[in-house]
1. Out of (1) in contact with a strand residue (DSSP E or B) (Cβ under 8 Å, 6 or more places away or on another chain); (2) within 16 Å of ligand 2 (Cβ to nearest atom), what's the single condition that is false for Pro38?
2. Search segment 54-77 for residues that are farther than 18 Å from Ser131 by Cα and pair each with any residue that is polar (S, T, N, Q) when their beta-carbon atoms are under 6 Å apart and the residues are at least 6 apart or on different chains.
3. Applying the selection to segment 10-40, what residues are among the hydrophobic types (A, V, I, L, M, F, W, C), within 20 Å of the chain's Cα centre (by Cα), outside any loop (DSSP other than H, G, I, E, B) and more than 7 Å from ligand 1 (Cβ to nearest atom)?
4. Do the conditions hold for Arg176, that is, is it open to solvent by 10 Å² or more (accessible area, probe 1.4 Å), outside any loop (DSSP other than H, G, I, E, B) and either polar (S, T, N, Q) or more than 16 Å from ligand 2 (Cβ to nearest atom) (or both)?
5. Between a residue in segment 14-35 that is over 21 Å from Ser221 (Cβ atoms) and any residue that is outside any loop (DSSP other than H, G, I, E, B) and more than 13 Å from ligand 2 (Cβ to nearest atom), which pairs come within a Cβ distance under 6 Å, given they are 6 or more apart or on different chains?
6. Looking only at residues that are more than 16 Å from Leu112 (Cβ to Cβ) and at pLDDT 95 or above in segment 61-86, which one is nearest to ligand 1 (Cβ to nearest atom)?
7. Of the conditions (1) out of contact with any Gly (no Cβ under 8 Å at 6 or more places or on another chain); (2) over 19 Å from His152 (Cα atoms), Arg298 satisfies every one except a single condition; which number is it?
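The values are calculated or read from the model by the stated rules, or taken from the named source; none is laboratory data. Computed from a predicted structure; not experimentally measured. No Cβ is skipped: glycine too gets one built from the backbone with ideal geometry, and neighbour counts run over all protein chains shown. Heads up: the accessible areas ignore ligands, DNA and RNA and are worked out on the full protein's heavy atoms, side chains in. Shrake-Rupley method; radii C 1.70, N 1.55, O 1.52, S 1.80 Å.
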Amino acid sequence: MNISSIGEFGLIRRFSPPFQKSLPGGTIGIGDDCAVMPWKEGRSLLVTTDMLVEEIHFLREAIPPRDLGYKSLAVNLSDIAAMGGTPESAYLSIGLPGEITLDWIDGFFLGLRELAEEESVHLLGGDTTRSPAPLIINVAVIGTVNSAQVKHRSDARVGDTVCVTGHLGDSGAGLRILLEGKPTDGDASYLLRRHHRPRPHVGEGCWLGAREEVHAMMDVSDGIDSDVRRIMERSQCGAEVHLDRLPLSPQLERSATRFGWDPVEIAATGGEDYCLLATVDSARWPDVARGFEAAFGRPLTAIGSVTESGLAYLRGNQPAELGKRGFNHFTE
Ligand code: ADP
Ligand code: MG
């Protein structure tokens, strides 16, 4: 048997249990968006690392180096946001094929610096090596958070409202535009930009982290079809998701009509949205939703609720199916 028979998540489940035993109090290891370690005076350290591999995560010819630099940091800041934390420092390890140009390198670091400056994150170290073939980028980020405000994937409660902090599917549609060689004008260029330069929801994560009526939280990296299942697994619960309530951008809706795509399927399974998925005490939902909109000028969108078990999709309150599943390395 090879690893494609169990997939990315089966693989992590296979090796991780011995490493999840006998951890010091307050420490969280494998299984959430970040590792959590108690630090000082009621604060904890957050650590996350994410790798981008050429041909798997990006096409070198398609993504401008500046966007790739930005995105390499963005995907990590998104995991810090998912815990309700604030990013502090970043570490970049990069494996470079010999033919990479100095212009490419300058562009890459310009993009990385743009986001680092926007979010006041300091690049404090890393490693550089030659790679025999693909370009490989690994960024690790350390963040901090009030220990009492850490949001886990495992704290969803039956009856909670399930919500997201931004549009779903723009990035997935951007990727599809790229892969299918569609014209990259107007709406398509917007979607492509969402794919190449995702904005990590750091401010939103801090805001939600500070509210105790927000129970579970994670970031949307594989598409909600996959990510809602991660919350269900860690929280031992189920969920129902209204496919007709997934927030779609007008650019995605217009492009889906133009190209004959199902925008809902892209929204549920496209992945790389890097907004946040949270579950909120339903009695407090109206207050949280109002507060969020007042703070950010954009809605927090309810897409469903937490149930006892199983994932059920609905359209217009009728049971519905998705044609496709969220992203999983090794089984794609
Ligand atoms: P995310 O998409 O939020 O980065 P993943 O789904 O990639 O999270 O990973 C799930 C969990 O498994 C995380 O806690 C991550 O740190 C852990 N993990 C993934 N790969 C490894 C590995 N090779 N060694 C140790 N932990 C890992
Ligand atoms: Mg994550």
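1. Here Pro38 clears every test but (2).
2. From segment 54-77, the pairs are Asn76/Thr48.
3. Going through segment 10-40, the residues among the hydrophobic types (A, V, I, L, M, F, W, C) turn out to be 11-12, 15, 19, 23, 28, 30, 34-37, 39.
Then keep just the ones that are within 20 Å of the chain's Cα centre (by Cα); that gives 11-12, 28, 30, 34-36.
Narrowing the set further to residues that are outside any loop (DSSP other than H, G, I, E, B) leaves 11-12, 28, 30, 35-36.
Hits for segment 10-40 are Leu11, Ile28, Val36.
4. Numbers: open to solvent by 10 Å² or more (accessible area, probe 1.4 Å): yes; outside any loop (DSSP other than H, G, I, E, B): yes; either polar (S, T, N, Q) or more than 16 Å from ligand 2 (Cβ to nearest atom) (or both): yes.
In short, yes.
5. Here the result reads Gly26/Pro38; Thr27/Met37, each pair linking segment 14-35 to a residue that is outside any loop (DSSP other than H, G, I, E, B) and more than 13 Å from ligand 2 (Cβ to nearest atom).
6. Initial filter on segment 61-86 (more than 16 Å from Leu112 (Cβ to Cβ)): 61-62, 79, 81-86.
Pick out the ones that are also at pLDDT 95 or above and you get 79, 81-86.
Numbers: Asp79: 5, Ala81: 11, Ala82: 7, Met83: 10, Gly84: 14, Gly85: 13, Thr86: 17 Å.
Per the criteria, the residue is Asp79.
7. (1)
Okay, residues lined up against (1) out of contact with any Asp or Glu (no Cβ under 9 Å at 6 or more places or on another chain); (2) not hydrophobic (A, V, I, L, M, F, W, C):
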{"position": "Pro17", "(1), (2)": "yes, yes"}
{"position": "Cys34", "(1), (2)": "no, no"}
{"position": "Leu46", "(1), (2)": "no, no"}
{"position": "Asp50", "(1), (2)": "no, yes"}
{"position": "Arg60", "(1), (2)": "no, yes"}
{"position": "Pro65", "(1), (2)": "no, yes"}
{"position": "Ser72", "(1), (2)": "no, yes"}
{"position": "Val75", "(1), (2)": "no, no"}
{"position": "Gly84", "(1), (2)": "yes, yes"}
